[in-house]
Amino acid sequence: MLTKPYEVRFNSHILNKLIKMEDKIREPKEILDRASNITVLTGAGISAESGIPTFRGEEGLWKKFRSEELASQEAFQRNPKLVWEWYDWRRGIAKDAKPNLGHYALVNLENEKSNFTLVTQNIDGLHQLAGSRNIIEMHGNQWQIRCTSCGIIEQNHDVPLNELPPKCKNCGALGRPNVVWFGEIIPMAIIDNILIAIERCEVMLIVGTSGVVEPAASMGLIAKHTGKTVIEVNLETTPNSSLYDISILGKSGEILPILCKSN
Ligand code: BV8
Ligand code: ZN
């Protein structure tokens, strides 16, 4: 509320929060500003503020099934319709989801840096929607259907899916989500590109991941062991937080816009 002479009243709580935030971000921000080669790894936490359930948050359960139970070949062989109902549910949630300030801050950082790679564990496609370019989707993408027989990959954004389970438009065989399930190896080409991006970077930024699922959980440690500076942004500490150089606790949608803001 503006009162003459134009004294602006700040809510001290927000002001203190902002000042404290600026303080704990000053050093990592300087490190990021100085670097020209940056590699980022994101997890479900960066999409939480876009309304996408995380895996380990209480809302990570679907019909009493744990993600690991449904995201597996065994589950698909046992009941492909059930697995597809789960992906149809997740696509339904993601269909109207919009990227948040955390996603956009990483687009800004990519525009500022000569070498930037964004590795994501997320299959929601929100980084692309925000405008990120150099993306490695290490666990695939839920908007792609891969044929279990001829291997053709179809882009599909139908919500709900017309047919559960969907069939291949080329050979009529069963379609599966083009994602990496638990117990499935990640294609070597993808692992190679990630290791090259880690090898080449000066700073690795790890955002919104619990650091439980391998091999993603080891990426930060590989960066540490190869002399890179590793900065973590996460709502809570993770098993690797103490091994990283800096761990900033808080919401990525609040922290990244400040951290990635170019001077
Ligand atoms: C493989 C695609 C070779 C599908 C996914 C025993 C020991 C070690 C490893 C294993 C083991 N047994 C089996 C394994 C291997 C297994 C694994 O790691 N299992 C875990 C559970 C122990 N890994 C595999 O199977 C991988 N393949 O290893 O092949 C092999 C083969 C056979 C046997 C051995 C080895 C394949 C893994 C890929 C699986 N596919 N997704 C789909 O999505 O449906 S994994 C999926 O879960 C996601 O992609 C992601 O990777 C993971 C979820 O983790 P996060 O993204 O980190 O999300 P989470 O909810 O956990 O955490 C969110 C974080 O954000 C929290 O910390 C929270 O505090 C924070 N947060 C929340 N809100 C915010 C926030 N932070 C900031 N701001 C906010 N607003
Ligand atoms: Zn086919």
Q) So what is the diffusion coefficient of region 74-233 in µm² per second by Stokes-Einstein at 25 °C and 0.890 mPa s, using a Kirkwood Rh over Cα pairs? A) 143
Q: Rounded, prolate or oblate: pick one for region 159-210, where a ≥ b ≥ c are the square roots of the eigenvalues of its C-alpha gyration tensor, a/c under 1.5 means rounded, and failing that, prolate if a/b is larger than b/c, else oblate.
A: prolate
Q | Percent carbon-and-sulfur accessible area, the chain, ignoring ligands, DNA and RNA, probe 1.4 Å | A | 56
Q: Go ahead and estimate [θ] at 222 nm for the chain from helices alone: -39,500 (n - 2.57) per DSSP H run with n ≥ 4, summed, over the residue count, rounded to 500.
A: -11000 deg cm²/dmol
Q) Across 5 Å bins from 0, what is the distribution of all Cα-Cα pair distances for region 63-169, in whole percents? A) 2, 11, 19, 21, 18, 13, 9, 6, 2, 0
Q: Anything over 30 Å Cα to Cα? Flag those among Lys113/Lys251; Lys24/Lys228; Lys224/Lys261; Lys29/Lys95, in the order listed.
A: Lys29/Lys95
Q: Give the percent of DSSP beta bridges with both residues in the chain that are antiparallel, rounded to the nearest 5.
A: 30
Q) Using alpha carbons only, what's the Rg to Rh ratio of region 178-258 with Rh from Kirkwood? A) 0.98
(Q) Just the number please: accessible area per residue for region 203-263, 1.4 Å probe, all protein chains included, in Å². (A) 41
Q: Obtain the radius of gyration and the Kirkwood radius of region 120-164 from its C-alpha atoms and give Rg over Rh.
A: 1.01
Q.
Highest mean first, how do 207-215, 29-37 rank when packing is the count of other Cβ atoms within 10 Å averaged over residues?
A. 207-215, 29-37
Q) Projected area of region 78-121, taken from the Cα convex hull and averaged over every viewing direction, in nm²? A) 4.5
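The values are calculated or read from the model by the stated rules, or taken from the named source; none is laboratory data. Predicted model, so just to flag it, every value in this text is computed and none were measured. Here Cβ is always computed from backbone atoms with ideal geometry, including for glycine, and neighbour counts include all displayed protein chains. We work out accessible area using only protein heavy atoms, side chains counted, and drop any ligands, DNA or RNA first. Shrake-Rupley method; radii C 1.70, N 1.55, O 1.52, S 1.80 Å.
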